[in-house]
Amino acid sequence: MRLAPASRTPSPRATESAHRTDLDQRPTGRRFAGVATMIGSGLSNQTGAAIGSQAFPVIGPIGVVAVRQYVAAIVLLAVGRPRLRSFTWWQWRPVVGLAVVFGTMNLSLYSAIDRIGLGLAVTLEFLGPLCIALAGSRRRVDACCALVAAAAVVTLMRPRPSADYLGMGLGLLAAVCWASYILLNRAVGRRVPGAQGSAAAAGISALMFLPVGIAVAVHQPPTMGAAAYAVVAGVLSSAVPYLADLFTLRRVPAQAFGLFMSVNPVLAALVGWVGLGQSLGWTEWVSVGAIVVANALSILTRRG
């Protein structure tokens, strides 16, 4: 019988060292996977919005949003599997409110994108979660961040011949809806177990947009191309980000997740510039950057 060479037999110390190396690399690998997923999710969300805007000339923003709501409902109902018959009225109230806000948020955002472009619309919408993060804080750094964000908004909405105030107003409405969406999601999470509440809200929102979708199909019959754009937008902006967030939140700290979310206005501006030819002036870029930095600074300076 041939003996194995001594160099091929690992020593106990080498085995222990290799085991420790595996344990050290495992969290790093999980964080890397989480960061890569966050980048992919952000790009998917903004790319989906850009693709959906290609269908605006045929079915309008409302038609694209209707399809997006249907896709979101299919995904969330499949994942959440809500037991609707077991819901009490105390649980239904925030769920219904979440459904209304969910639909209004997407409709106002896509209408804003149609008027003022992807980058500015998403930047204004991002003020919603930023206000939630800064509200009630007594820290001086948060007060400074709020002033920076406010100055950036004033700069974006300054009077000029090309200003579309209706589009900006729709972007701010999307911001209010996103802030309400966050607060209602917290209430739903406390009252309804798991993802059942979010799934039920998505289903109700899709039902609310069902007559809208039928009306659009009758009065503005979609072409195959427009329908495909809308479906792709629903998948990239609803299904992919939701599933990616479920994956990411298990692998990166909540602080890191919130910090990356602040980059979305920049991603939207880049996608709008590269994919749609929606260029921003240096003033708009500085304003977008100021809002992103304000949010990032507020998150990085928090403890716990």
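The values are calculated or read from the model by the stated rules, or taken from the named source; none is laboratory data. Here the structure is a predicted model, which is why all the values come from computation and not from measurement. Heads up, the Cβs are rebuilt from the backbone with ideal geometry, glycines too, and the neighbour counts pull from every protein chain shown. Note: areas computed on protein heavy atoms with side chains; ligands, DNA, RNA excluded. Shrake-Rupley method; radii C 1.70, N 1.55, O 1.52, S 1.80 Å.
Using the Karplus relation 6.51 cos²θ - 1.76 cosθ + 1.60 with θ = phi - 60°, the per-residue 3J(HN,Hα) values for the stretch 128-135 come to x, x, 5, 5, 4, 5, 8, 5 Hz, with x marking Gly and Pro. Available extension along the chain between Met224 and Arg93 is 43.3 nm, counting 0.36 nm per residue and deducting the alpha carbon span.
A straight line joining the Cα centroids of the stretch 160-181 and the stretch 278-297 runs 16 Å.
Is the C-alpha gyration tensor of the stretch 142-233 telling us rounded, prolate or oblate? Criteria: a/c under 1.5 is rounded; beyond that, a/b larger than b/c is prolate, otherwise oblate.
Numbers: a/c = 3.02, a/b = 1.19, b/c = 2.53.
In terms of gyration-tensor shape, oblate.
Calculated FRET efficiency, Arg81 and Arg186, Cβ-Cβ r, R0 25 Å, to nearest 0.05? Write out the running numbers ahead of the final one.
Values: r = 21 Å, r/R0 = 0.86.
It comes out at approximately 0.70.
Accessible surface for the stretch 90-185, divided over its residues, is 44 Å² per residue with a 1.4 Å probe. Each residue was assigned an accessible area with a 1.4 Å probe, and for Cys177 the value is about 10 Å². The label-point distance for Val286 and Leu210, in a model that sets each label 7 Å from Cα toward Cβ, rounds to 5.2 nm.
Spread over its residues, the convex hull of the C-alpha atoms of the stretch 135-182 is 69 Å³ per residue. In whole Å, what is the distance between the alpha-carbon centres of the stretch 116-140 and the stretch 72-112? Going from one Cα centre to the other spans 23 Å.
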